[in-house]
Each structure stands twice: as C-alpha cells, then as structure tokens.
Amino acid sequence: MADTQRRGRRIMMAQSELDAFLAAQRTCRVATVGGDGAPHVGALWFVWDGTALWLYSITRSKRWAQLCKDPRIAVVVDDGHGYGELRGAELAGRVEFVGEAPRTGEPCPELDAPERLFAEKYFGMSAMPHDGRHAWLRLTPESVASWDFRKIPG
C-alpha cells in the first residue's frame, strides 16, 4: 500500500484493523470509468487476502467491459449507521484479470486462496462453485484511505 492518506491520521485504521475490517465486510462498491469519462458504480462481493482485494464479477457486465478498456478502479467498503460508528476504506489502483473468463474452474494456483476464502465467506463451502458467468479481478491497491469515526473523542 504505497500511498497512505495524508489527513485524518488519528481516525485511520491500523493495518491489523483494516485487515480485520475487510475480512468481515461482505459488500463493496466498485467505481469504474467509461470511455466518455463517466463513472459507473456497482456493488460486488469480495475477499481480502491481506495484500489484494479479489472481486468476482460477471463478465457480461458494464463494469467488466469498462475495465477491459481502462483498468483503473476505486473500491469503497464501509459500515456504520450513526455518525460516530462510521468506518470504511477506499482502495484504488488498476485491476488485473486472473484466470479464465468466464471462470469454469480450470487449475489456476493464483486463485486457490481467494476462491477458498470466497467459498467459505459467501457459500459456507470449502470449494468454489463456478457458474461460467463470473471471473476474477485482483486489485493490489496503489492507494488506501481508511477511517474509523469510533476513534473520534466523544
């Protein structure tokens, strides 16, 4: 995580807090850029392996088409209801496409860990079910900004 946030250091999450937060959350919001420069935001399930955010996207989606043309992405994961409970992280960079698209389960050692994590997190299974409609995107963030308003003195 090359670039850390410059402000709000007192409310940013420590690496261990960020890892625990990203492991526990289920949904992220993914922002991509269209050819005309217009943003597109959609929700996705994800897993965090401590280094990269793994996104499992439908390959016939606007998101996938945009990322094929421009791999830049920003992802927000957040939680909390009241102002003093808000916490989250924004991860940004360029995605890499990993494995076959769409994913059918061909051997791909790079996907062993994320698929195990994903299958456990979302399906309560030890092996990933493949539907032939989704494929993997890996975001190794170039920048990360995090916040935890629970750290603001009351």
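A few notes on this one:
- If you sort the three axes of the alpha carbon gyration tensor as a ≥ b ≥ c, you get a/c of 1.5 or more for segment 80-120 and a/b above b/c, which makes it prolate.
- When the chain is treated as a Gaussian network with alpha carbon springs shorter than 10 Å, the biggest mean-square fluctuation among Leu139, Leu55, Leu86 belongs to Leu86.
- Rounded percent of accessible protein surface that carbon and sulfur make up, the chain, 1.4 Å probe: 53
- Vicinal HN-Hα couplings computed from phi for segment 15-22 (Karplus, 6.51 cos²θ - 1.76 cosθ + 1.60; Hz; Gly/Pro x): 4, 5, 5, 5, 4, 5, 4, 5
- Solvent-accessible surface of segment 15-154, taken per residue with a 1.4 Å probe and all protein chains present: 51 Å².
- Whole-number D in µm² s⁻¹ for the chain, Kirkwood Cα-pair radius fed into Stokes-Einstein, 37 °C, 0.692 mPa s: 202
- In the elastic network of the chain, a GNM with C-alpha springs shorter than 10 Å, the most mobile of Ala20, Ala89, Ala52 is Ala20.
- Gaussian network model of the chain, Cα within-10 Å springs - most flexible of Cys28, Cys108, Cys68: Cys108
- Whole-number percent relative contact order across the chain, with pairs defined as alpha carbons under 8 Å at least 6 apart: 32
- Remark: segment 47-63, residue by residue, has Karplus-estimated 3J(HN,Hα) of 9, 10, 9, x, 10, 10, 9, 9, 10, 10, 10, 5, 7, 9, 10, 4, 4 Hz, where x stands for each Gly or Pro and the curve is 6.51 cos²θ - 1.76 cosθ + 1.60 at θ = phi - 60°.
- P(r) of segment 4-44 over all Cα-Cα pairs, binned every 10 Å from zero, in whole percent: 23, 31, 36, 11
- Among Phe21, Val33, Ala119 - extreme Cα towards positive end, dipole of the chain, charges at beta-carbon: Val33
The values are calculated or read from the model by the stated rules, or taken from the named source; none is laboratory data. Here the structure is a predicted model, which is why all the values come from computation and not from measurement. Glycine gets a Cβ as well: all are built from the backbone with ideal geometry, and neighbour counts include every protein chain shown. Side chains included, ligands, DNA and RNA excluded: accessible areas come from the protein's heavy atoms. Shrake-Rupley method; radii C 1.70, N 1.55, O 1.52, S 1.80 Å.
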